[in-house]
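What follows is a single structure, written as structure tokens, with notes after it.
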Amino acid sequence: MAALTSITQADVEKLCVTDTYNSSIIPSLEAYLNQSVASASPYSFQATKTLLKFYSFFPTVLNPPNSLKAMLLSLADFPTGNFGVLTFIVQPNESTQLQTYTERLNTIMRWGELIETGDFVTFWAEFGEEQVSLSLSLSLS
Amino acid sequence: MIKNNILNPTQPPPHPQPTTQLSDKSRGVDDLPLTTLFPGFASALRSSILQTLSLTFKKMPVAQFNKFLNVSGVDSAPKSDVVDGVEGDCVAFRPVAGVNDVRSKVENVGASFNLVSKVL
């Protein structure tokens, strides 16, 4: 397996094929996801889908920030239908223990709906509100 | 006695062990708002929208273009090689290689055209 710090798209997509059901590849998939978020690697739908599938199969290893990052990455890959596919794998969890995660996931789902229906004006307005609330929370903390 | 795994003698991979407690706080969500999880999200999305617009249209009113990208002017759009320049009140997109007329472009992007046409 390639080093986690420099895993390539080819490496990670090969893992998705050869170790489709081997959960030991989760750290590699997470490393690649974070590389993609940092714009250090191209987006890989296959790697993203496989990681979310593992989170779905094994809820105990669910990493909410990574799950949210994966959804945002696929949403930014507009206008492919990848985001729509992932919404069938990642379902909002009604568990009170993951309330914040569920709320944020619902926000992303809502953004996806707005973008995919071409309601960009509303989307940017809601996105702007999210940024304002972020700066408010940072100033209060 | 029939042995376990007689149909599949290879040892299955062990299930992953949880490394965190089942709560938002311990999993870092509370401390990471959406906009900080993926700081480049808006920029990446704008680039994707720009690519879609360039595949779908030859020209587009600047005001409409700015609405799609949520920018104040063409100059503030992300750097891209798909915009040819501004002609009058319209943004002109570069022709897509091998695709000459708007209709062909529309067919190439299919759903994207349906999506964009709802707004225009």
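The values are calculated or read from the model by the stated rules, or taken from the named source; none is laboratory data. Quick caveat, the model's predicted, so the values are computed rather than measured. Note that each Cβ is placed from the backbone with ideal geometry, even for glycine, and that neighbours are counted across all protein chains shown. Only protein heavy atoms, including side chains, enter the accessible area calculation; ligands, DNA and RNA are left aside. Shrake-Rupley method; radii C 1.70, N 1.55, O 1.52, S 1.80 Å.
What to note about this one:
- Couplings 3J(HN,Hα) of region B:70-78, computed from phi: 6, 10, 8, x, 4, 5, 8, 5, x Hz, in residue order, whole Hz [Karplus 6.51 cos²θ - 1.76 cosθ + 1.60, θ = phi - 60°; x for Gly and Pro].
- Cα convex hull, chain A: 128 Å³ per residue, rounded to a whole number.
- Taking all protein chains together and a 1.4 Å probe, the residues A:Arg110, A:Arg104 rank A:Arg110, A:Arg104 from largest to smallest accessible area.
- Region A:1-94: relative contact order as a whole-number percent, Cα under 8 Å and 6+ apart: 24
- Highest-fluctuation residue, A:Ala125, A:Ala31, A:Ala47 considered, GNM on chain A with Cα pairs under 10 Å: A:Ala125
- Residues B:Thr56, A:Thr20, A:Thr117, sorted by accessible area with the largest first, give A:Thr117, A:Thr20, B:Thr56 [1.4 Å probe; ligands and nucleic acids excluded].
- Considering only A:Ser41, A:Ser24, A:Ser56, the Gaussian network model of chain A with Cα springs below 10 Å gives its largest mean-square fluctuation to A:Ser24.
- Under 5 Å between amide hydrogens, built in the peptide plane, is the criterion, and for B:Asp84 it picks out B:Ala92, B:Phe93, B:Arg94 among residues at least 5 positions away or on other chains.
- HN-Hα J in Hz across region A:116-126 - Karplus 6.51, -1.76, 1.60, θ = phi - 60°, x for Gly and Pro: 6, 9, x, 8, 5, 4, 5, 4, 5, 5, 5
- Using a probe of 1.4 Å, the accessible surface attributed to B:Glu87 totals some 90 Å² when neighbouring protein chains are kept in position.
- Region A:1-77: chymotrypsin sites (Phe, Trp or Tyr not before Pro) in DSSP loop, at most 11 other beta carbons within 10 Å: A:Tyr21
- Region A:9-138 - accessible surface per residue (Å², probe 1.4 Å): 43
- Calculated FRET efficiency for the pair A:Ala40/B:Ala63, C-beta based, R₀ 41 Å, to 0.05: 0.70
- Residue order for A:Asp19, B:Asp89 - accessible surface, 1.4 angstrom probe, largest first: B:Asp89, A:Asp19
- MRE, 222 nm, helices only [DSSP H, n ≥ 4, -39500 (n - 2.57), over chain A, to nearest 500]: -21000 deg cm²/dmol
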